[in-house]
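The block underneath contains the structure these notes are about, expressed in structure tokens.
The values are calculated or read from the model by the stated rules, or taken from the named source; none is laboratory data. Since the structure is predicted, the reported quantities are computational estimates derived from the model, not experimental observations. Cβ: placed from backbone, ideal geometry, glycine included. Neighbour counts: every protein chain shown. When the accessible area is computed, the model is the full protein with side chains, heavy atoms only, and any ligands, DNA or RNA have been set aside. Shrake-Rupley method; radii C 1.70, N 1.55, O 1.52, S 1.80 Å.
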Amino acid sequence: MTKLEQIRETAQCVVDAIASAMEMDVAFIDEAFNLVATSRTFLEKRGIRVNHDFVKGAIKKKVVILSNPGFNELCQGCPHQGNCPETAEIVRTIEYNNEIIGIIVMVAYTQAQKDRLLGNTAALLDFLGEMASLVSSEIRLVRLLAQEQIMKNQYDAVINFMDTGIIIVDPDGAIRQANQHAMETLRLPGTYAKTPLKNYLPTTDFSPIFKGEPLVRMASTPLLNPSAQCLLSGQPVMMDDNVVSAVISIENIKKMHSVVYEYSERQVETTPDDIHGTSPTMLEQKKYAAKLAGTDSTVLILGESGTGKELFARAIHSAGKRSPFPFITINCAAIPETLLESELFGYEDGAFSGARKGGRPGKFEIAAGGTIFLDEIGDMPLHMQAKLLRVLQDKTVERVGGVNPITVDVRVIAATNRDLNTMQKQGLFREDLFFRLNVMPLTIPPLRDRKEDIPVLSRHFLNKYNRETGRGLQGFSKGAGLILISYAWPGNARELQNAIEYAVNMEKTDRILPESLPPAIVSARPRVSETTLTARLKNFEYQVIQEALANHPNTVQGKKEAAKELGISLPTLYRKLQSA
């Protein structure tokens with residue numbers, strides 16, 4: 001579309017006005033030889049066909065005065081050449097940004113019109129020049145409006161594409177525009193325009209931003225969506241040192257944490273099937289953990305250090321409905337008592353010396369929608385136990401230095417290697433908190449009570465460190481396997497993992513030998529001379545069983561085949577493994 005065609009309606013209005021005022025016929029022809037606008041008589045007498053050579057010549061000359069149309073050199077090739085219905089004609093070019101974009105043609109058909117046209121040529125040329133300038137200005141306006149519309153469309157697309165809610169307010173705090181995310185977070189009605197933002201965020205002080213100061217990370221709760229904790233930031237828009245508007249971003253803290261978690265912690269997913277162990281007790285606990293994943297109750301995991309309490313906690317979270325949201329871990333024994341409260345519950349701006357400007361959310365807020373894992377809960381100070389109890393009962397937290405409770409939707413999984421039942425009787429652990437935590441208890445047996453899991457875990461850790469080190473160790477020698485089975489493993493699976501890592505780094509052959517195991521583990525095995533014949537036979541029997549198991553898949557069917565090969569029943573096989 002040519003520039004003149006972009007203002008076809010305006011051009012036609014100009015043509016009609018000139019034709020009416022001057023009592024002459026007028027036409028607008030663009031540089032592509034299109035008859036853009038014309039008076040009726042011109043169209044009736046000349047039709048829509050345009051002489052290209054005439055237009056080219058007129059554009060070249062810029063101004064053309066024809067006192068005898070049909071006999072001028074510009075008329076060559078015209079079907080009316082030598083017999084033109086016109087009596088006179090004036091042509092003037094139309095320019096836009098120093099570029100010729102068409103011509104204005106004023107035509108006389110009678111002798112009276114010709115006399116008037118040729119008698120006022122200079123004035124008419126000036127008049128046509130003014131009309132050409134008017135058309136050029138109209139084109140400029142149309143193009144500016146089109147560019148403005150494009151910019152507005154781009155602006156709308158950008159703010160609606162953002163994951164953050166964006167609201168633009170005028171200096172009085174009335175909403176001018178809000179993107180889709182802001183409307184969803186604040187539950188804005190479709191008629192939000194020109195309503196005060198304070199109607200939807202009544203507890204937030206916006207006065208600083210209207211004084212020209214930025215709004216830096218302020219927490220707020222939407223009136224119409226109280227479950228959505230928001231983080232607000234804002235920037236005033238200034239002109240001549242005056243605030244003309246303000247742009248405010250609104251982030252849903254729960255969604256923000258979920259996004260962060262998606263690209264960090266959420267990558268570490270564990271299900272009950274990922275927990276290695278085929279002993280009857282572990283199979284039972286894994287089955288129980290799968291059931292716990294389907295509930296939202298508080299879980300208390302009990303077990304010695306290194307048994308895999310956090311592994312079970314992650315498995316319960318990942319297999320449950322909260323898996324899309326954060327799994328946040330906090331070790332109650334590793335954080336100084338003075339910092340534990342602010343870590344768990346967060347703090348407000350200026351709550352204490354050194355507090356970060358704008359405050360900071362605690363772990364319970366960060367875990368919104370997900371699970372918080374309180375490891376070593378038995379080491380939590382008594383005064384903190386009281387605050388935790390309130391969170392479990394009321395589902396709210398109060399930041400250090402804050403006065404407004406914040407609702408949190410979090411599942412709590414706690415774990416300890418201590419005897420909380422005895423501790424609460426001794427006054428070292430709150431009885432009410434113990435009962436609140438001990439809703440769904442899960443006990444992980446120590447490794448020494450499920451020795452049939454030692455070969456399974458050993459192979460798992462060997463494969464892990466083979467991948468990490470690029471080694472290709474094939475397995476364990478009989479002597480090394482017997483040492484691993486006979487050791488008591490006070491550090492449980494974590495100690496076993498460390499031992500296998502040590503052995504992989506020390507071993508020079510293609511199989512783990514006894515001398516590659518940690519010296520403390522090797523020296524702790526019973527001496528053969530001090531072992532009774534019954535014990536030696538039992539160890540030999542266990543070794544034979546392990547060799548049979550190694551020749552079959554680590555499945556129930558594989559164990560059935562191993563039992564058949566040994567000439568014993570499957571229950572007998574399990575019993576011998578458990579008593580070893």
**OP:** Please work out the Cα convex hull volume for region 265-382 and give it in Å³ per residue.
**Re:** 122 Å³
**OP:** Give the angle, between 0 and 90 degrees and rounded to the nearest 10, that separates the Cα long axis of helix 382-394 from the longest principal axis of the Cα atoms of the chain.
**Re:** 50 degrees
**OP:** Taking the chain as the reference, fit the longest principal axis to its C-alpha atoms, fit the long axis of helix 280-293 to the helix C-alpha atoms, and give the angle between the two in degrees, 0 to 90, nearest 10.
**Re:** 30 degrees
Subject >> Value of relative contact order over region 269-387, rounded to a whole percent, pairs C-alpha under 8 Å and six or more apart >> reply: 26 percent
Subject >> Where the Cα pairs of region 43-150 fall when distances are cut into 5 Å bins, in % >> reply: 2, 11, 19, 21, 18, 12, 7, 4, 3, 1, 0
Original post:
So for SER305, SER20, SER516, what's the accessible-area order with a 1.4 Å probe, most first?
Top reply: SER20, SER305, SER516
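So between GLU5 and LYS464, what do we pick up on full extension, going 0.36 nm a residue minus the alpha carbon distance?
So the chain would gain 158.0 nm between GLU5 and LYS464.
For the chain, what is the Kirkwood estimate of the hydrodynamic radius, computed as the reciprocal of the mean inverse distance between distinct Cα atoms, to one decimal in Å?
32.4 Å
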**OP:** Give the accessible area for TYR155 in Å² (nearest 10); use a 1.4 Å probe, count only protein heavy atoms, and leave out ligands, DNA and RNA.
**Re:** 90 Å²
**OP:** Among the lysines, select those whose C-alpha is under 17 Å from the C-alpha of LYS363, and discard any that sit fewer than 8 residues away in the same chain.
**Re:** LYS254, LYS255, LYS387, LYS395
Original post:
Roughly speaking, what is the centre-to-centre gap between region 1-56 and region 413-469 when only Cα atoms are used, to the nearest Å?
Top reply: 91 Å
Original post:
Taking the Cα atoms only, what angle lies between the long axis of helix 121-161 and the longest principal axis of the chain, rounded to 10 degrees?
Top reply: 10 degrees
**OP:** Run the 1.4 Å probe and let me know the accessible area of ILE103, rounded to the nearest 10 Å².
**Re:** 0 Å²
Subject >> Accessible area (Å², 1.4 Å probe, nearest 10) - GLU23 >> reply: 120 Å²
Original post:
Ignoring ligands, DNA and RNA, what percent of the 1.4 Å accessible area of the chain is carbon and sulfur?
Top reply: 52 percent
Subject >> Residue-averaged 222 nm ellipticity for the chain, from DSSP H runs of 4+ at -39500 (n - 2.57), nearest 500 >> reply: -13000 deg cm²/dmol
Original post:
Do the alpha carbons of any pairs in LYS309/LYS576; LYS464/LYS538; LYS538/LYS564; LYS451/LYS560; LYS286/LYS560 sit beyond 24 Å of each other, and which pairs?
Top reply: LYS309/LYS576; LYS464/LYS538
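Fully extended, how many nm does the chain gain between SER137 and ALA520 (0.36 nm per residue separation, minus their Cα-Cα distance)?
Stretched out fully, the SER137 to ALA520 stretch lengthens by 128.6 nm.
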Original post:
Once the Cα atoms of region 398-530 are picked out, what are the Rg and Dmax in Å?
Top reply: 21.6, 71
Subject >> Extension gain from LYS538 to LEU513, taking 0.36 nm per residue of separation minus the Cα-Cα distance >> reply: 6.8 nm
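So, by mean Cβ neighbours within 10 angstrom, what's the order for 419-427, 272-280 with the highest one leading?
272-280, 419-427
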Original post:
Straight-line reach from LYS56: which lysines have a Cα under 30 Å away, not including same-chain ones fewer than 8 places off?
Top reply: LYS3, LYS45, LYS114
**OP:** Give me the percent of DSSP beta bridges within the chain that run antiparallel, rounded to the nearest 5.
**Re:** 70 percent
**OP:** Give the distance, in whole Å, between the Cα centre of region 358-380 and the Cα centre of region 129-200.
**Re:** 41 Å
**OP:** If a/c stays under 1.5 just call it rounded; otherwise compare a/b with b/c (prolate if a/b is bigger, oblate if not). Do that for region 87-191, with a ≥ b ≥ c from the square roots of the Cα gyration tensor eigenvalues.
**Re:** prolate
